[in-house]
Amino acid sequence: MERKAYYHLPGLFEFYELYKCFLPLFYEHREYFYDWCGIGSIYGAPEGCIWGGGRVGTGDEDPSKVLSLLERYDISPRLTFSNTLLRQEHLSDRKCNDLCALFEKAKVPAGVIVGSDLLTGYLRSRYPGLYLISSTTKVLTHFPELLRELSREEFRFVVPDFRLNKDLNDLCSLDPKLKQKVEFLCNECCSFGCSARKACYENVSRKCLGETLEDHICISPKADRGYRFSDAMENPGFIGVDDIRDTYLPAGFSHYKIEGRGLGSAVVLEFLLFYMTKPEHQLRVREEIYLDSMLDLF
C-alpha cells in the first residue's frame, strides 16, 4: 500500500512496562504485524497534573525513563494536557511546566494535546519546540466546527468527536493537507447519542484542578458495564482494521487514535493485537507479553 496508518497509543506513563515489552516485539519482529501500520505517538500524563484532562492521570513512571524508551524507537511522546477549564493562574504550575521543558528537549518531536485556547497560546509562546494537537475534549460534533479547527495553523493534528468518524462525504471533501491533520478516535465506547459528553470532560477537568466532587453520572444504557471493547465495536462511530485499510487510508487519512488510558494494560494489549497484529501471530505476541514476569497485566 502507498499509504501508512499511524496509531497514537494510550498510556505513556500508565503503561510504561507494557510498552517496554511490546515495542521490541513490534520493531524486531515486523513479520508479526501489518506492514501498513506504524506508531505515530504514545500519549498520557502522570498523576497530579492540573493541566490534565480527558482522564485523570494515574501514571507515576519517571518521565526521563519514559522519554528514553520512546527515543530509543524514534516514537513521538505526547503530554495529554487537555483540561478545558484552565485559568490564567494555572499556567504557572511548576510540575506541568517542568514536563513541557523536559519534553521540548527530547531527541524526537514531542507534542501536547490541548483542550484550552488559553493553554494553546501559552505553550506556543513558552515552548515553541512542542507541536500541538487539538483535543477531542472540545467535542467538535459538527463538520463546520471541525473544518475551522483544522484550518488553525497552530495545530498539527485535530481529534474530532467520534460521531464525525463516518461523515465520509464531508471528510473526503477536505483538502489533502487537512486530511493529514485529522486524527480519528477509533474505539470510543460512549453512547453515540450522548448529550453530556462535554459535561463529562468538564467533571474530569475539575478533578484534575484539585476540586472534590462526585463522578459524572453517565446516562448511557450500558454505563454500568464500564468500557468493553466488544461494545465499542458495535458503536456506529467505531473504526476497525478493515475500515482503516480499505476506506480511510485510500481516502488519504493516516492518523488514528486509540483510547484507553483509564483501562488496564490487559485491555490495551487487546487493542495492540486487534489493530496492529496479524491474526495468525496474535497468540504469539500475547504469549510473549504474558510470560514477562515483570509485567502486571491486571
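What the table shows:
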{"quantity": "Residues located in segment 94-108, provided they are crowded, with 17+ Cβ neighbours inside 10 Å and over 16 Å from D62 (Cβ atoms)", "calculated": "C96, C100"}
{"quantity": "Within segment 266-298, tally of residues that are modelled with pLDDT under 85 and within 21 Å of Y227 (Cβ to Cβ)", "calculated": "4"}
{"quantity": "Enumerated strands (runs of 3 or more DSSP E) restricted to segment 1-91, each holding at least 2 residues that are among the small types (G, A, S)", "calculated": "37-44"}
{"quantity": "Hits in segment 161-190 - residues which are over 20 Å from F271 (Cβ atoms) and of a type in the set (S, T, N, Q)", "calculated": "N169, S173, Q180"}
{"quantity": "Residue in segment 50-70 that is more than 30 Å from L209 (Cα to Cα), at pLDDT 90 or above, of a type in the set (K, R) and loosely packed, with under 14 Cβ neighbours inside 10 Å present", "calculated": "no"}
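Yes/no per residue for (1) more than 21 Å from I50 (Cα to Cα); (2) touching a strand residue (DSSP E or B) at 6+ places or on another chain (Cβ under 6 Å):
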| site | (1), (2) |
| --- | --- |
| V108 | yes, yes |
| G115 | no, no |
| K138 | no, no |
| L146 | yes, no |
| E149 | yes, yes |
| L171 | yes, no |
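Residue-by-condition table, conditions (1) hydrophobic (A, V, I, L, M, F, W, C); (2) free of Cβ contacts under 8 Å to residues at least 12 places away in the same chain:
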{"residue": "D74", "(1), (2)": "no, no"}
{"residue": "P77", "(1), (2)": "no, no"}
{"residue": "S116", "(1), (2)": "no, no"}
{"residue": "S125", "(1), (2)": "no, yes"}
{"residue": "T137", "(1), (2)": "no, no"}
{"residue": "E149", "(1), (2)": "no, no"}
{"residue": "D161", "(1), (2)": "no, no"}
{"residue": "L168", "(1), (2)": "yes, no"}
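The values are calculated or read from the model by the stated rules, or taken from the named source; none is laboratory data. Keep in mind it's a predicted model, so treat the numbers as computed, not measured. For neighbour counting, all protein chains shown are included, and Cβ atoms are generated from backbone atoms with ideal geometry for every residue, glycine included.
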